[in-house]
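The values are calculated or read from the model by the stated rules, or taken from the named source; none is laboratory data. Since we're looking at a predicted model, the values are computed, not measured. Using ideal geometry, Cβ is built from the backbone for each residue, glycine included, and neighbour counts are taken over all protein chains shown. Ligands, DNA and RNA are excluded from the accessible area calculation, which covers all protein heavy atoms including side chains. Shrake-Rupley method; radii C 1.70, N 1.55, O 1.52, S 1.80 Å.
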Amino acid sequence: MAENALTDPSPKVRAAAARALGPMAAVSSAPKLKALLNDKEPAVVLAAAHSLFLLGDREETYDIDYQVLIGERKSADGFVKSQIDELKDPKVVAMMGFETGIGFVPFGGEAYEAFKRISKDDRTPVRVAAAKELATDRDPRIDAALAKACSDKKQAVRAAAVFAIAKRDDPALLNAITPLLDDKNEIVRYDASAAVLRLTGGSSGDSR
C-alpha cells in the first residue's frame, strides 16, 4: 500500500508514503524511493531521502543534505533537479521542517522538539536535520561544511553542527568547535563542551 501511494497525485500522500517506508525497513522499496528524488515537490524529495538514509542507501541523501545545509551543489543529481526555490516558501518549509525532523534525537531531546514546533524560523529544522545526517558522510567536503555551520547565525544549526562533528570523532575539527565554548547560547556552549571532551578523550581525566 505504501509503495502504491508513492505515485499518488497528491504530494502530501507521496511524502507520507515515502516517510513510512524507511522506519518499516522496506529495503526492497529503495529503487522506488530513489525515483522520488527527482519529484517536483521538495517535501517529497526530502521524505524519500530520509527513508533512504534509514535504509542505509545514503550517497544521494548526503548530496541533498549538503545542499540543504550550505546551499551548494555536491553533485548534479537528485534534489538540485527539483523545485528548490520552494524552500523559500515558509508554509512549504514549515511542513518539511517538522516532517524531516521526526526520527532524529538531538542533544536537546524533548526541549529541542519543542523548539522546532514553536520557532518562527521554519527553515532551521530542515537544515538541522541535514547536518545530523551528514555526521556519517566521510566526504572531506563535509568537514568544511560542518565547520562553516558552526558559525551559522541560527543557534539550532550551530548545535546540530557540533553534534555532527562530535559523531565524526575527528580531533582535526576541534578548531571549529572551541570558539563555541563561549557561544552566547548556553545550549550550544554545553554541546560544544561535550564535543570537546569526546574529541580529546578528556572524560578520562586530566581533571585530577
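Is there a residue being open to solvent by 10 Å² or more (accessible area, probe 1.4 Å), over 9 Å from the mean Cα position of the chain (by Cα) and at pLDDT below 90 anywhere in region 126-134?
No, because not a single residue in region 126-134 is open to solvent by 10 Å² or more (accessible area, probe 1.4 Å), over 9 Å from the mean Cα position of the chain (by Cα) and at pLDDT below 90.
Sort through R158, R127 and tell me the only one that's in contact with a Lys or Arg (Cβ under 8 Å, 6 or more places away or on another chain) and within 20 Å of L69 (Cα to Cα).
R127
Take P31 and decide whether it is surrounded by fewer than 17 Cβ atoms within 10 Å (Cβ to Cβ), more than 18 Å from the chain's Cα centre (by Cα) and modelled with pLDDT of 85 or more.
It is true that P31 is surrounded by fewer than 17 Cβ atoms within 10 Å (Cβ to Cβ), more than 18 Å from the chain's Cα centre (by Cα) and modelled with pLDDT of 85 or more.
What do you reckon, is K132 charged (D, E, K, R) and either more than 25 Å from H50 (Cβ to Cβ) or in a loop (DSSP other than H, G, I, E, B) (or both)?
no
Return yes when P23 is buried (at least 19 other Cβ atoms within 10 Å of the Cβ) and either among the hydrophobic types (A, V, I, L, M, F, W, C) or within 20 Å of the chain's Cα centre (by Cα) (or both) and no when it is not.
Considered against the rule, which asks whether it is buried (at least 19 other Cβ atoms within 10 Å of the Cβ) and either among the hydrophobic types (A, V, I, L, M, F, W, C) or within 20 Å of the chain's Cα centre (by Cα) (or both), P23 comes out as no.
Given the conditions (1) of a type outside the set (K, R); (2) in contact with a Phe, Trp or Tyr (Cβ under 6 Å, 6 or more places away or on another chain); (3) at pLDDT 75 or above; (4) outside any helix (DSSP H, G or I), and given that D152 satisfies all but one, which numbered condition is not satisfied?
All conditions are met except number (2).
Report yes if some residue within region 45-58 is at pLDDT 90 or above, more than 20 Å from K132 (Cβ to Cβ) and open to solvent by less than 10 Å² (accessible area, probe 1.4 Å); otherwise report no.
no
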